[in-house]
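For reference, the structure discussed in these notes is given below.
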Amino acid sequence: MRAARVLIGIDQKTLAGLAGLSVPTIQRMEASDGNVRGVVASLTKVIAALDFAGVELIAESAASTVGGRGVRLKVPMPKQ
């Protein structure tokens, strides 16, 4: 989530507003280790907000159907 926000240049407050969620909810979701955790309805709202803002979420090993620029993590760094 944080990477998606940075990619489009918005802060947590802006994402919260776009998603109709509170800033603490966004903060908790971004603090998740590994996969983002949260209530399914909240996750759905964040995905819709990021999509509206121009972010395409690409599943692991999936191709981008829209094209355009983007980034993808090939192999996660080992935890320190």
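The values are calculated or read from the model by the stated rules, or taken from the named source; none is laboratory data. Computed from a predicted model, the values in this text were never measured in an experiment. Here Cβ is always computed from backbone atoms with ideal geometry, including for glycine, and neighbour counts include all displayed protein chains.
Can you work out which of the residues in the range 35-53 that are under 12 Å from the mean Cα position of the chain (by Cα) and without any contact (Cβ under 8 Å) to a residue 12 or more places away in the chain is surrounded by the fewest Cβ atoms within 10 Å (Cβ to Cβ)? Filtering the range 35-53 for residues that are under 12 Å from the mean Cα position of the chain (by Cα) and without any contact (Cβ under 8 Å) to a residue 12 or more places away in the chain, the one surrounded by the fewest Cβ atoms within 10 Å (Cβ to Cβ) comes out as N35.
For every residue, the table says whether it meets (1) surrounded by 11 or more Cβ atoms within 10 Å (Cβ to Cβ); (2) of a type in the set (V, I, T); (3) under 11 Å from the mean Cα position of the chain (by Cα).
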site: T14; (1), (2), (3): yes, yes, no
site: L18; (1), (2), (3): yes, no, no
site: V23; (1), (2), (3): yes, yes, no
site: I26; (1), (2), (3): yes, yes, yes
site: D33; (1), (2), (3): no, no, no
site: V55; (1), (2), (3): yes, yes, yes
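For beta carbons closer than 7 Å, sequence separation of 6+ or different chains, a first residue in the range 1-27 that is of a type in the set (A, V, I, L, M) and a second that is at pLDDT 95 or above and surrounded by fewer than 16 Cβ atoms within 10 Å (Cβ to Cβ), the qualifying pairs are A16/S22; A16/V23; V23/K13.
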